[in-house]
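The next block holds one structure in the form of structure tokens; read it before the comments.
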Amino acid sequence: MEDVERRTIAISVQATKLTAQTMAKVFQDVLRQIQEMHRKAQTPQGRQSAKKLMNHGVNTSTIPLDGSTRLFDRVARKWNVDYHFRKTGPKKYLLLFKAGQADAITQCLAEYTKRIMRKDRRPSIQGQMRQAADIARNRKPQEREHGREAAHGDR
């Protein structure tokens, strides 16, 4: 047996005089909003498979990308770019994107390279911890005096 899904939509209209023409305009606006939501749901956004990217019906372009894809994902979400990574080697990727979004990809890549350069400049916490551990291992143990303090000798 087929399950029929029922949906209700609540519409509130504030009008001085409610006429058939006013109701027709309201229903047209509601229909337009529903169609926009449906269209947005049909077109995937952001990182996606190559097949989905090709099914958008637009030309695609490619750029080679070296480095972290996770950092690029963060930047690309900010710029609302549709893209796909294809791995070509260790830490080497081919970035596929919509040709119409070339300006957004350019800005996205500029911010991505800026973040990578900033990340390379600052030392990592793990590196600092390793250096501190090496220094602690190589340091000679200090001689300790075992004796009572002179202040307590009067008792």
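The values are calculated or read from the model by the stated rules, or taken from the named source; none is laboratory data. Keep in mind the model is a prediction, meaning the values are calculated, not measured. Cβ atoms come from the backbone with ideal geometry, glycine included; neighbour counts cover every protein chain shown.
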For this session: State whether the residues of region 44-60 include one that is at pLDDT below 85, surrounded by fewer than 14 Cβ atoms within 10 Å (Cβ to Cβ) and under 10 Å from the mean Cα position of the chain (by Cα).
Result: yes
For this session: Assess whether residue 58 counts as being in a loop (DSSP other than H, G, I, E, B) and not hydroxyl-bearing (Ser, Thr, Tyr).
Result: yes
Problem set entry | Subset of region 94-147 (residues that are at pLDDT below 85, of a type in the set (D, E, K, R) and surrounded by 10 or more Cβ atoms within 10 Å (Cβ to Cβ)) | 98, 119
For this session: Go through region 63-79 and count every residue that is surrounded by 14 or more Cβ atoms within 10 Å (Cβ to Cβ) and assigned to a strand (DSSP E or B).
Result: 2
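Any chance region 80-88 includes a residue that's modelled with pLDDT under 80, surrounded by 12 or more Cβ atoms within 10 Å (Cβ to Cβ) and part of a loop (DSSP other than H, G, I, E, B)? Don't jump to the end; show me each part of the working.
Taking region 80-88 and keeping what is modelled with pLDDT under 80, we get none.
So far as region 80-88 goes, no, none of its residues is modelled with pLDDT under 80, surrounded by 12 or more Cβ atoms within 10 Å (Cβ to Cβ) and part of a loop (DSSP other than H, G, I, E, B).
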Problem set entry | Neighbours by Cβ (under 7 Å, 6+ apart or cross-chain): first from region 67-81, over 13 Å from residue 97 (Cβ atoms); second of a type in the set (Gly, Ala, Ser) | 77/46
